[in-house]
Each structure stands twice: as C-alpha cells, then as structure tokens.
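These notes concern the structure reproduced below.
Read the figures in this text as sums done on the coordinates, not as results from a lab. Bear in mind the structure is a predicted one, so any value in this text is a computation, not a measurement. Here the Cβ positions follow ideal geometry from the backbone for every residue, glycine too, while neighbour counts run over all protein chains shown.
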Amino acid sequence: APTSFDYDLVIIGAGVGGHGAALHAVEKGMEEVLIRSMQGLKTAIIEGDVIGGTCVNRGCVPSKALLAVSGRMRELQNDHHLKALGLQVSAAGYDRQGVADHANNLASKIRNNLTNSLKSLGVDILTGVGTILGPQKVKYGQVGFSDNVVTAKDIIIATGSVPFVPKGIEVDGKTVITSDHALKLEFVPEWIAIVGSGYIGLEFSDVYTALGSEVTFIEALDQLMPGFDPEIGKLAQRVLIHPRKIDFHTGVFASKITPAKDGKPVTIEMIDAKTKEPKDTLEVDAALIATGRAPFTKGLGLENINVVTQRGFVPVDERMQVIDGDGKMVPHLYCIGDANGKMMLAHAASAQGISVVEQVSGKDHVLNHLSIPAACFTHPEISMVGLTEPQARDKAEKEGFEISIAKASFKANTKALAENEGEGLAKLIYRPDNGEILGVHIFGLHAADLIHEASNAIALGTRIQDIKFAVHAHPTLSEILDELFKSAKRRSAVEG
Ligand code: FAD
C-alpha cells in the first residue's frame, strides 16, 4: 500500500450517499479549520454517469414531483371532499408532457444544486467508472480514454442500485417498464399491472390512478404492502386501494411477462407463489416491474481485494467497514447506501456516509438504524420508524419484556378535521416498564413529515416520561404525536 496519498478520501459513486459523505468531509474540514486551524479532508468523488445517482435522477426526486401532481389531481377530482369545504371546481384535467416536464425539471434543478455544492466546496469530481485496483488504490476512466489511477487514505464505495427484474420478465422500456422508464411518463396506460406492492409500486399506483389508469397489483406474498406494520397496512389498504380503480392478486408470482407487440397487449402469466401451479393470465396495456432493487457493483473490482458479495450486496460491519471473503475487515475501505443493503433509502445512504467520515476523521461513530424513518408518499402518506408490532413482539418475547401500544386517530385532531382529512392513525409501540420507544407508525395527512419527532426521540434515547410536558402548537397535526406520547405515559407504570 502507498504511504503518501493523492487524496484523504475517494468516494466511488456520486449518488446521495456519496454526495453526503463528500460534503461532510469538506465541511468537516472547514469546521476543523475554524476550531483548530486544520486543513479539511482532501476529497474526490468518482462518477460514471450524472451527479445525483438514483435519488435525484431516477428515484425520490422525480417520483415526488409526480406525486405532487397526483395529490393535487386527487383533490380536484374528489367532489365529495371539495363540497365539504364549500368549494366548486370544474372538471380537472392534465397535460401529460407538462407533468413529465415538471418531474424532469425538478431533477435537473436538484442535480445542478448538488454539482455546484460539490464544486464550490472543493470536492474534485473525477469522471468515469471507478475500479478498485488494490488497497487504497482506484482507477477511473471513460470508454475510449486512458485510465487514471489515484491513491487515497480511505475509500468509500457508494455505487447504489438498479431495478431488480425477476427471471422470465422481458423489459422493453415501453410497455413493460421499470421505475426508470415510468418516471419519464412517456404514456399513461389505460390499464397497468404493477408487479410488487412495496413503496415504489404503491407510489406509482397513486400517480397512475390519479392520471386515469386502472391498476392491478401482482404481489407474491399473501397481503399487499408486506413491509409495513400490518395494522397500518390494513388501514392503508382500505383507504388507498379499495376506493380507487385498483384490484390485486396476492400470493402469485408473475412468472412470464411479454411486452405488447404487433397489436397484441402485454401478457402476464402468473403462478401460485407456494405451489408454483399455473394461475391466471392477464392481458394489460402495460406492466411496471416494482420488485425491488439490486445492488450495483459491476466493474468495481471487488475481486482485486478479495471481497465477495452476498446476494449482490457488499458485506459491511456496523461501522460500514467492508468485510472480505475470509470474514476480515478490509482496512480503509467502507461501503454505504444501497450497495450494502442495510437500509435502501436516500437519507440512510447519506447518514451512513456522514458516519463514515466521522470515523475516518478519528471519531468513533455507530449509526442507529432503528432511528432512521421511512416514508411512502401516497395520498395520504405512510411513515414509520423503529420496529413494527410483530417485530417488537418477537423481540419482547426473546428478551423477556412486555410491550404496550398507544394509538391516536386523525379523526380526533382539529387540524386534520379542518382539512377534511380525518382518515388516519398513529401508533406507538413502547415498553410500559421503562418508557422506551420501540416503534412509531403513521398513516394520514403529512405522515412523512410527522414522523421526525418520533425518530429524533429514538435517536436521542428519549423515553415517554421525558416528553410528557412537551408542548405542541394548536391546532397542528403534530398534536397527534403529543396525544400518542401522553396516552402512552398515562397507561404506563414509569415514574417521572
Ligand atoms: P445511488 O443514488 O444509486 O447512486 C450511485 C451512483 O454511483 C450512481 O450515480 C452511479 O452512476 C454511480 N456508480 C455506480 N458504479 C460506479 C462506478 N464503478 N464508478 C463510478 N460511479 C459509479 N429513497 C428515499 O429515501 N425516499 C424516497 O422518496 C425514495 N423514492 C424512491 C423512488 C424510486 C422510484 C426509487 C427507484 C428509489 C427511491 N428511493 C427513495 C431510494 C433512493 O433513491 C436510494 O436509496 C438512494 O438513491 C441510494 O443512494 P446511493 O448513494 O446508495 O446510490
């Protein structure tokens, strides 16, 4: 390994994870410059495509632009809701290209912001595909150009993920699509099958149904929305699925999907997920494959440093340090974000990046993933932090403690009622013996914003007795959390 380095830190991949790490590395340097007259970390980021990765270009950002449109459309289409507020609006319509442009423009704007922040804070952007050559050594290059080699004291892999497409499904990018294509909104099919009812599938069902499509979900597990707390999932299903033009098949795999061709529709063959017996065949206008994401490590050169992926993911310990094929930690090599599979969310990727920068700057830091919130931006939204009820029951049984559950309805909240949005539930799972918060789940208006009070509480180790005198402005949706914590305190044995 080299003894002097071109960079203190080289990051491979300029998605949200890599970007977050790079900014923290240079900003951290600035902090130290002010406090101790030290120089910042000399940092470079290698990117083979455009800055911003999945989140900015093919994920969070354009999808939330489309969901902003579907939210407004839904309001305009809901006569019952408008009448309740005393409003009269004539028929709602949309311009498909205008909607697509909104998503695309937002992505460009955020991409430019990210690029400018990297440049202005002095991060070197090295263009090309990065390959690890050996310890602390990376090459990068573009097709047709010779490679450059750089050395770094520490390296972070932040290469992200791509859509996962199961065997037997032929994606043509037109009628059989992944989220990459759907975000371009090149057409709005009359009838679209969405394979997978996780948060990506659900969000697209919100968009498509608001724009006039009928949706059919195909889900391999026995219930829709398998990743959510079951009680919240059931309520969300009642509100988000049943009243809309959505039907579903559960317990089945889409074993073969053929794109539309020569006037023939998209055909979907399904088999029973357990017995593998053939089930129905569907003929639809389009199919969106939302069956999860696969880590992306192609061309990364993991074989050069004896790192063997596990189900495609780069194995890491709790400090994001890469583990090699012999189970040993690889010095000075970290992996963050979707590529390590710990929690495939944008803010988790950047939080992991920041945590790694803390460590390479000489401070021990372990990120508490149980305090990281997750959200699904349907209308209304779903959010969560910590354990679901079955996970909490499992842990309680293993470790020998009791759990209790407090609930608060949006129907009892003045702000929600003023908005005529009383459909929703917040749920807190806690330990009545010591007041520890184990999980919070919210379904209802602005649930994605409301969850942070709970995630901060978990991150800071706050217990319900510590926040019983916290004051919330009236009338706000946040009073739902106030109600949740107070009701938990009333029903627990803890003093304070
Ligand atoms: P990425 O963002 O995937 O970035 C990886 C980067 O590395 C890419 O730019 C890639 O080109 C580059 N790269 C890869 N290999 C190399 C190499 N060898 N050399 C150089 N460069 C390389 N998350 C949320 O938190 N909230 C949401 O609302 C949300 N919505 C989503 C909606 C959709 C439709 C999708 C698909 C995802 C969504 N996500 C959301 C997930 C989120 O986008 C990811 O968790 C996040 O982008 C992961 O960040 P990352 O930095 O690990 O990887």
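Observations
- Positive contributions from Lys and Arg (+1) and negative ones from Asp and Glu (-1), summed over other residues with Cβ under 13 Å from the Cβ of H80, come out at -2.
- Counting charges near K411 (Lys, Arg +1; Asp, Glu -1) among other residues having Cβ under 15 Å from its Cβ returns a value of -1.
- Distance from the range 210-229 to the range 280-341 (C-alpha centre basis), Å: 26
- Helix runs (DSSP H) in the chain reaching 20 Å along axis by Cα, Kyte-Doolittle at least 0.5: 346-360
- The chain: relative contact order as a whole-number percent, Cα under 8 Å and 6+ apart: 14
- Semi-axis lengths, Å, the range 213-309, gyration tensor of Cα atoms, sqrt of 5 times eigenvalues: 30, 22, 14
- Partnerless Cys - the chain, beta-carbon criterion under 4.7 Å: C335, C376
- Among the chymotrypsin sites (Phe, Trp or Tyr not before Pro) in the range 228-330, none is located in a DSSP loop while being surrounded by at most 12 other Cβ atoms within 10 Å of its own Cβ.
- Loop-located chymotrypsin sites (Phe, Trp or Tyr not before Pro) in the range 382-469, at most 12 other Cβ atoms within 10 Å (DSSP): F469
- log₁₀ of I(q)/I(0) at q = 0.16, 0.18, 0.21 Å⁻¹ - the range 38-112, Debye sum with one point per alpha carbon: -0.71, -0.81, -0.93
- Sites listed here are GluC sites (Glu not before Pro) in the range 429-496 whose DSSP assignment is loop and whose Cβ has at most 16 other Cβ atoms within 10 Å: E495.
- Residues A412 and Q142, FRET efficiency given R0 of 45 Å [Cβ-Cβ distance, rounded to 0.05]: 0.15
- Here is the tail figure for the range 367-496: Cα pairs spaced more than 24 Å apart come to 23 percent of all pairs.
- Averaging Cα coordinates gives a centre for the range 449-496 and one for the range 134-204; these two points are 39 Å apart.
- Zone of E419's modelled label, taken as backbone nitrogen in the range 469-496 under 14 Å from a point 7 Å along Cα→Cβ: 475-481
- Cβ-placed point charges (K, R +1; D, E -1), dipole of the range 132-233 about Cα centre in debye, nearest 20: 800
- Average silhouette area of the range 84-242, convex hull of alpha-carbon atoms, in square nanometres: 16.3
- Within the chain, DSSP assigns beta bridges of which about 60% are antiparallel (rounded to the nearest 5).
- Convex hull of the range 161-283 built on C-alpha atoms - directionally averaged projected area, nm²: 7.9
- Peptides 261-272, 278-289 ranked from most to least packed by the mean count of surrounding Cβ atoms within 10 Å: 278-289, 261-272.
- Environment charge of D229, counting only residues whose C-beta is closer than 12 Å and scoring Lys/Arg +1, Asp/Glu -1: +2
- Only aspartates and glutamates eight or more places from K137 in sequence, or on another chain, were considered; those with a Cα closer than 17 Å are D6, D8, E47, D124, D147, D154, E303, D324.
- Working note: Debye formula, equal point scatterers on the alpha-carbon atoms of the chain, no solvent; log10 I(q)/I(0) at q = 0.07, 0.10 Å⁻¹ is -0.43, -0.89.
- 20 °C / 1.002 mPa s Stokes-Einstein diffusion coefficient of the range 118-176, Kirkwood radius on C-alpha pairs, µm²/s: 145
- Relative contact order computed over the range 350-496 (Cα-Cα under 8 Å; 6+ residues apart), in percent: 25
- Isotropic mean projected area of the C-alpha convex hull, the range 338-408 (nm²): 7.1
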